[in-house]
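Note sheet for the following structure.
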Amino acid sequence: MLPTLKRLEATRYLPINLAVSNDSNPNAVFSSLVNYAQVSMSCCGVSSMSDITGVNTLWTNSSRQYNGKTIVVPVTCCKMNKKDELLSHQNWTRIDDYLIDRNCPYNASSSQINKEGCYDKLNSYIDRYTLAIIVVGILVGMFEIICVVMACSMVQKIRSERQNV
């Protein structure tokens with residue numbers, strides 16, 4: 001799974017300027033999904049930023065002009081203010097309004113880059129909530145069983161009342 005995700009990101013992820021300007025392109029759609037994930041989970045790349053910025057990736061080999069300058073870090077890998085607002089409006093053309101450090105995309109050594117990969121972030125999220133998900137699933141299952149038993153009881157009662165009439 002992990003190698004497949006890395007290969008997809010290396011071959012399909014576009015710089016934000018290309019993803020926004022060409023949203024009918026399948027790579028742009030994929031890039032939008034990755035951008036959303038990176039912003040919402042405060043992560044970068046599948047396992048690290050180098051999954052995107054590596055030597056032979058689509059991102060590296062594409063035009064990376066953003067606000068007239070070449071970016072060296074994917075914009076969505078930078079730390080954001082008001083992430084919920086950005087994610088609800090999804091106005092990627094104005095993403096720089098949400099950057100904590102507006103120079104982050106142009107500076108690979110910025111302290112405002114999310115270093116953790118999205119795969120690890122997702123796994124830790126799942127690990128954190130696994131017990132809650134299991135408990136809710138069991139409770140829903142028990143509720144459904146109780147409802148089925150009650151429905152069967154009601155059907156039986158109705159049948160017995162009809163026979164007595």
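The values are calculated or read from the model by the stated rules, or taken from the named source; none is laboratory data. Every value quoted in this text rests on a predicted model; they were computed, and no experiment measured them. Quick reminder, even Gly has a Cβ in these numbers, built from the backbone with ideal geometry, and neighbours come from all protein chains shown. Ligands, DNA and RNA are excluded from the accessible area calculation, which covers all protein heavy atoms including side chains. Shrake-Rupley method; radii C 1.70, N 1.55, O 1.52, S 1.80 Å.
Some notes on this structure:
- Residue in the stretch 44-64 that is among the charged types (D, E, K, R) and either without any contact (Cβ under 8 Å) to a residue 60 or more places away in the chain or more than 28 Å from residue 125 (Cα to Cα) (or both) present: yes
- Qualifying residue in the stretch 82-89 (condition: of a type in the set (Asp, Glu) and touching a Gly at 6+ places or on another chain (Cβ under 9 Å)): no
- Sub-9 Å Cβ pairs linking a first residue in the stretch 82-93 that is under 16 Å from residue 33 (Cβ atoms) to a second residue that is of a type in the set (Lys, Arg), at least 6 apart or interchain, are 86/94, ordered by first then second residue.
- If the condition is being open to solvent by 70 Å² or more (accessible area, probe 1.4 Å) and under 18 Å from residue 41 (Cβ atoms), then the stretch 124-146 contributes 125, 126, 127, 128, 129, 133.
- Number of residues in the stretch 45-90 that are open to solvent by less than 40 Å² (accessible area, probe 1.4 Å), farther than 23 Å from residue 5 by Cβ and part of a helix (DSSP H, G or I) equals 1.
- When residue 121 is tested against (1) of a type in the set (D, E, K, R); (2) surrounded by 13 or more Cβ atoms within 10 Å (Cβ to Cβ); (3) over 17 Å from residue 35 (Cα atoms); (4) under 18 Å from the mean Cα position of the chain (by Cα), only condition (3) is not met.
- For the stretch 7-29, the set of residues classified as over 23 Å from residue 79 (Cβ atoms) and either of a type in the set (Ser, Thr, Tyr) or part of a helix (DSSP H, G or I) (or both) consists of 7, 8, 10, 11, 12, 21, 24, 26, 27, 28, 29, listed by residue number.
- When 38, 90, 65 are screened for being under 15 Å from the mean Cα position of the chain (by Cα) and at pLDDT below 90, only 90 passes.
- Of all residues in the stretch 14-26, none that is touching a residue at least 40 places away in the same chain (Cβ under 8 Å) has its Cβ atom under 6 Å from the Cβ atom of a residue that is exposed (fewer than 14 other Cβ atoms within 10 Å of the Cβ) and among the charged types (D, E, K, R), 6 or more apart or on another chain.
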